[in-house]
Amino acid sequence: MDCSDKEKSFTTNSPNETEALAERIAAGLHGGEVIAFTGGMGVGKTAFTRGLAVGLGAGDVASSPTFAIVNEYEGRLTLEHFDMYRIETWDDLYSTGFFDYLDTDRVLAIEWSENIEGALPEDTIYVDIRLGETDNQRVITVRGWKGEL
């Protein structure tokens, strides 16, 4: 299904299912994509990023970059994993080097993207992750993805 003009929602029932969904998305990445995550603490943003890393051939390497701000994973494409939780001002954002990563062939996965919403490119892929009806269930809404799912 082409999701370029609409959103598509998925329900996963475990971190493994969340990672598998991200692996499917990773298969269609070409480089240069910006993937912006929204959702509360502990909903699975890092699990989704781990799936992207696996799908890009970097392995099961993704961990939360909370204190480092950005982690880099090498695979078929380079995945830059940002955590913008502590970013509050444009000066904070500039100090991360974020703008140097835009318009490259790297895939950017950005947790807490709502903190830098004004800096995201127009063609950003948005992934919203919410708690479902059970502890492990997640409702994941993808908007702006032009690939098949």
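Dipole orientation for the chain: of the candidates Ser113, Asn71, Ile25, Ile25 has the Cα lying most toward the positive pole (charges on Cβ; Lys, Arg +1; Asp, Glu -1).
By other beta-carbon atoms within 10 Å, ranking Thr11, Thr78 with the fewest at the front produces Thr11, Thr78.
Summing +1 for each Lys or Arg and -1 for each Asp or Glu among the other residues whose beta-carbon sits under 12 angstrom from that of Thr141 gives +3. Taking the inverse of the mean 1/r over every pair of distinct Cα atoms in the chain gives a Kirkwood hydrodynamic radius of 15.1 Å. Distance between the 7 Å Cα→Cβ label points at Tyr85 and Thr141: 2.4 nm. Each residue, Glu7 and Leu102, gets one label point 7 Å from its Cα in the Cβ direction; the gap between the two is 2.3 nm.
Among 96-105, 30-39, the peptide with the highest mean count of other Cβ atoms within 10 Å heads the list, and the full ranking is 30-39, 96-105. Multiplying each eigenvalue of the alpha-carbon gyration tensor of the stretch 1-52 by 5 and taking the square root yields semi-axes of 18, 13, 12 Å, largest first, rounded to whole angstroms. Entry note, the chain: the mean residue ellipticity at 222 nm calculated from DSSP H runs of n ≥ 4, each adding -39500 (n - 2.57), is -6500 deg cm²/dmol after division by the residues and rounding to the nearest 500. Measuring nothing but how far apart in sequence close Cα pairs (under 8 Å, 6+ apart) lie, relative to its length, the chain scores a relative contact order of 39 percent.
Computed from the coordinates by the stated procedures, all read-outs in this text should not be read as laboratory data. Predicted, not measured: the structure shown is a model, and the values here were computed from it. Here the Cβ is made from the backbone with ideal geometry for all residues, glycine too, and neighbour counts use every protein chain on show.
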